[in-house]
2 protein chains.
Amino acid sequence: MELKRADKIADKLEELVFKGEYKDGQRLDEIRLAEHFSVSRTPIREALQRLVMSGMAEQIPRRGVFVRQPGPVELIEMFETMAELEAACGRFAAARITDEGLTRLKTANDRCQQAIDEKDALRYYSENEVFHQEIYRGSANSYLEKEALRLQNRLKPYRRVQLRLRGRMKQSMSEHVIIVEALESGDAELASRTLRNHVAVQGEKFHQLMATLQN
Amino acid sequence: MELKRADKIADKLEELVFKGEYKDGQRLDEIRLAEHFSVSRTPIREALQRLVMSGMAEQIPRRGVFVRQPGPVELIEMFETMAELEAACGRFAAARITDEGLTRLKTANDRCQQAIDEKDALRYYSENEVFHQEIYRGSANSYLEKEALRLQNRLKPYRRVQLRLRGRMKQSMSEHVIIVEALESGDAELASRTLRNHVAVQGEKFHQLMATLQN
DNA sequence: ACTGATTATATTGTATACAATATTGTTGAC
DNA sequence: GTCAACAATATTGTATACAATATAATCAGT
């Protein structure tokens, strides 16, 4: 651990906000947090700045920083953007992915299948993440890859719920197969289009997502 | 001005880095900057954090922060990503742009044409920015809009040079016309494709960009 | 009793002091 | 003369003290 305390605190705070420990609009009291983490206000303030920059909190000058849980509209917008980013990754990857990348992609996909066979939703959730990350990587555009990873991470807590959808995992897998084939054959359009629809929140997925936001 | 000093300093620093006042790899000395801006290290550190978060500088723990000017590869990657973001905006805008939005878009485009008529490259540069921002807005996805604005701003200093290309402004305009028509007729594919190619750095634009990086 | 102004309090923003760690310079051994 | 170890120095990271401002609480006047 060569990180400074502020970084560890920021990670912890992000996790807490992710988990929904803090409600929307709640003020993040510097002094309370400082006491809670047994540090001074300085590293707390640095951590809060990070939260603000990443969009998880809002800062009102001379008032403080307040957690900003995304509402339904913003969530839909973020998923829509994610779908477009993934579509872009797929478009590039179709032309650029290496043999090694394809191998890794297939391996990741196999593990997704295993998770389904074992009816292990949690594992599918994490293997699926790897699968998508391999596509980002396959785009051979590290800037785009970084942006995709950033948004993927931000949406993490909300993607989780989609797996509860009955039969969603199987449909997801069949889409994976099409994506792999498209990338293998270099069909940029197909890869792009399939990924966009794969990630997009539509139909039943939409209602499921909305339902989980009532909390 | 209800901003705090740290914000103003951050803006100033961003501008300086943009303008190339600091060379790649140069260390941003907290104490020197504090003296230069006549403030203490605290707001300087906050400003530096902002630079790091926005990717304009890199922080090495217990070593300091160093400016990170994008190299040729990263620039290309960023332009590629920008093209995809704009393509996405165009795709959505084709279906969602309002009549008012279309009007604003056409107005912006008219001003681009005026700038060309007056051979005012600098004005074309700024009016063109507005034109694209109207497309972001037309996507009716404020998250995507924000991301597009962020990258547009980051690439600002590098887009400038493209206008020097002989005949580029005219070609750019004719592409604008196609984009406007596509959005008006709701042709998502055409709008998306045209925007992607409009923004992408290819052919002569690529060499021009590379040439300006030798400094 | 209610509203407005004024004071008191709390909280953010900034400056400074201190601690921890990396870098540099010096000294000594080989 | 070179390299290694150690001391000296400089710089980042953290804590605390102080200043500025917003919120609350109190009090006067109607």
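Observations on the model:
- Residue list for the stretch A:15-48, restricted to those being within 14 Å of chain B (Cβ to nearest Cβ) and touching a Lys or Arg at 6+ places or on another chain (Cβ under 6 Å): A:Glu30, A:Pro43
- Unmet criterion (only one of (1) within 14 Å of DNA strand D (Cβ to nearest atom); (2) modelled with pLDDT of 95 or more; (3) within 13 Å of another protein chain (Cβ to nearest Cβ)) for B:Leu3: (2)
- Odd one out for A:Glu15, checked against (1) away from DNA strand D (no atom under 14 Å from the Cβ); (2) surrounded by 14 or more Cβ atoms within 10 Å (Cβ to Cβ): (2)
- Residue tally, condition surrounded by fewer than 17 Cβ atoms within 10 Å (Cβ to Cβ), among the polar types (S, T, N, Q) and in contact (Cβ under 8 Å) with a residue 24 or more places away in the chain, over the stretch A:114-137: 0
- The lone criterion from (1) charged (D, E, K, R); (2) within 15 Å of DNA strand C (Cβ to nearest atom); (3) more than 14 Å from chain B (Cβ to nearest Cβ) left unmet by A:Lys12 is number (2).
- Some residue of the stretch A:83-99 being under 17 Å from the mean Cα position of the chain (by Cα) and either among the hydroxyl-bearing types (Ser, Thr, Tyr) or within 16 Å of DNA strand C (Cβ to nearest atom) (or both): no
- Cross-chain or 6+ apart pairs with Cβ under 7 Å, the stretch A:60-82 first and touching a residue at least 60 places away in the same chain (Cβ under 8 Å) and more than 12 Å from every other protein chain (Cβ to nearest Cβ), then more than 16 Å from DNA strand D (Cβ to nearest atom) and part of a helix (DSSP H, G or I): A:Pro72/A:Met210
- When residues in the stretch B:52-65 are screened for being assigned to a strand (DSSP E or B) and more than 11 Å from B:Val17 (Cα to Cα), 5 of them pass.
- Residues within the stretch B:53-63 that are touching a Lys or Arg at 6+ places or on another chain (Cβ under 9 Å) and either closer than 15 Å to A:Met53 by Cβ or not assigned by TED's automatic domain parsing to the domain that holds B:Asp11 (or both), tallied: 5
- Condition check for B:Leu105: more than 11 Å from every other protein chain (Cβ to nearest Cβ), under 26 Å from B:Tyr143 (Cα atoms), touching a residue at least 60 places away in the same chain (Cβ under 8 Å) and assigned to a helix (DSSP H, G or I): yes
- Answer residue from the stretch B:1-28, given it is touching a helix residue (DSSP H, G or I) at 6+ places or on another chain (Cβ under 9 Å) and among the acidic types (Asp, Glu) and is farthest from B:Val67 (Cα to Cα) among those: B:Asp7
- Unique residue being surrounded by 20 or more Cβ atoms within 10 Å (Cβ to Cβ) and either modelled with pLDDT of 90 or more or small (Gly, Ala, Ser) (or both) when the list is B:Ala148, B:Ala140: B:Ala148
- Filter pass, B:Arg27 being touching an Asp or Glu at 6+ places or on another chain (Cβ under 8 Å), over 22 Å from A:Leu48 (Cβ atoms) and either acidic (Asp, Glu) or at pLDDT 95 or above (or both): no
The values are calculated or read from the model by the stated rules, or taken from the named source; none is laboratory data. All values derive from a computational prediction rather than experimental measurement. Neighbour counts run over all protein chains shown; Cβ positions are idealised from the backbone, glycine included.
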